1. For residues that are small (G, A, S) and either more than 18 Å from the chain's Cα centre (by Cα) or farther than 15 Å from A102 by Cα (or both), scanning just region 127-148, find the one that is most open to solvent (accessible area, probe 1.4 Å).
2. Please work out which one of (1) in a loop (DSSP other than H, G, I, E, B); (2) loosely packed, with under 13 Cβ neighbours inside 10 Å; (3) at pLDDT 95 or above is the condition S83 fails and give its number.
3. For region 59-68, enumerate the residues that are open to solvent by 30 Å² or more (accessible area, probe 1.4 Å) and in a strand (DSSP E or B).
4. If you check D93, D100, which single one turns out to be under 30 Å from V27 (Cβ atoms) and of a type in the set (D, E, K, R)?
5. Can you pull out the residues in region 174-190 that are out of contact with any helix residue (DSSP H, G or I) (no Cβ under 8 Å at 6 or more places or on another chain) and closer than 17 Å to T125 by Cβ?
6. Pairs, please: C-beta under 6 Å, at least 6 apart or cross-chain, first residue touching a residue at least 12 places away in the same chain (Cβ under 8 Å) and in region 72-88, second surrounded by 12 or more Cβ atoms within 10 Å (Cβ to Cβ) and among the acidic types (D, E)?
7. Looking only at region 108-126, count how many residues are open to solvent by 30 Å² or more (accessible area, probe 1.4 Å) and outside any loop (DSSP other than H, G, I, E, B).
Amino acid sequence: LTVPVQTAFANIVNKGFNQAFTISGSVDNSTPANPAPPTPITGNGQLTQGAATPATLCGFAVSQAAQVVTGTTIATGVSTPFSTTGTVYYRGDNTVVATDSAGQRFLFLPVSFPATVRAGDTGVTGTGTEVNTNCDQVSFGSNITGAYSVASDTANSLLVTFVENERNPFSSSETQTSTVYRIDTSGNVSLVSVTATRSLLSSVFQTLVFTF
């Protein structure tokens, strides 16, 4: 069984996403002077990404898609609403060239996706560099490395996981984001989960799982 990854990403670019999710995870707010167990986090929300439209990025023709994430988290019995916006920029071959989110822009040069995959496949997707609005590298910025793996799913679909490791060598902080897509033999695609783990000095202090 093989599934067409490039067709799936073309569908993402042309159609976008609109999926609900639940949240689970924990955050560790303890200190050496005041140790405490991690605080559980739950919640729910909605991810919406529109179809991409023509745009210009640092003088180059690209397409861009707006992404909006809204929802509510619950920790220690307190509900907190949240809303974040971002932009994903795509090349003509439907690979990601840049992302804008949470005040950071990353430029990916180059990124490549396999045409098709089968269960057990692994590989790298590319690297990203934190840049400013002029696409110049940011001093003391972060870098991203990407990879993928493929697992069995149903009789006509596979689970394709893309992992991005964002590291800042100057602050010793790291965020690993693991995004799982379900892709069928026709290239239809949906999000399954996103797991984000944040650490400092190799010690994990926050893990959030968004299940779609």
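The values are calculated or read from the model by the stated rules, or taken from the named source; none is laboratory data. If you're wondering where the values come from, they're calculated on a predicted model, not measured in any experiment. Here Cβ is always computed from backbone atoms with ideal geometry, including for glycine, and neighbour counts include all displayed protein chains. These accessible areas exclude ligands, DNA and RNA; they are computed on the full protein's heavy atoms, side chains included. Shrake-Rupley method; radii C 1.70, N 1.55, O 1.52, S 1.80 Å.
1. Pass one, region 127-148, residues small (G, A, S): 128, 139, 141-142, 146-147.
Add one more test, that the residue is either more than 18 Å from the chain's Cα centre (by Cα) or farther than 15 Å from A102 by Cα (or both), and what stays is 128, 139, 141, 146-147.
On the way: G128: 2, S139: 90, G141: 10, G146: 11, A147: 37 Å².
Looking at residues that are small (G, A, S) and either more than 18 Å from the chain's Cα centre (by Cα) or farther than 15 Å from A102 by Cα (or both), I get S139.
2. Result: S83 passes all but (1).
3. Answer for region 59-68, where residues must be open to solvent by 30 Å² or more (accessible area, probe 1.4 Å) and in a strand (DSSP E or B): F60, A61, Q64, A66, Q67, V68.
4. D100
5. Those that are out of contact with any helix residue (DSSP H, G or I) (no Cβ under 8 Å at 6 or more places or on another chain) and closer than 17 Å to T125 by Cβ: T175, Q176, T177, S178, T179, V180.
6. G86/D100; T87/D100
7. Of the residues in that region, 6 qualify.
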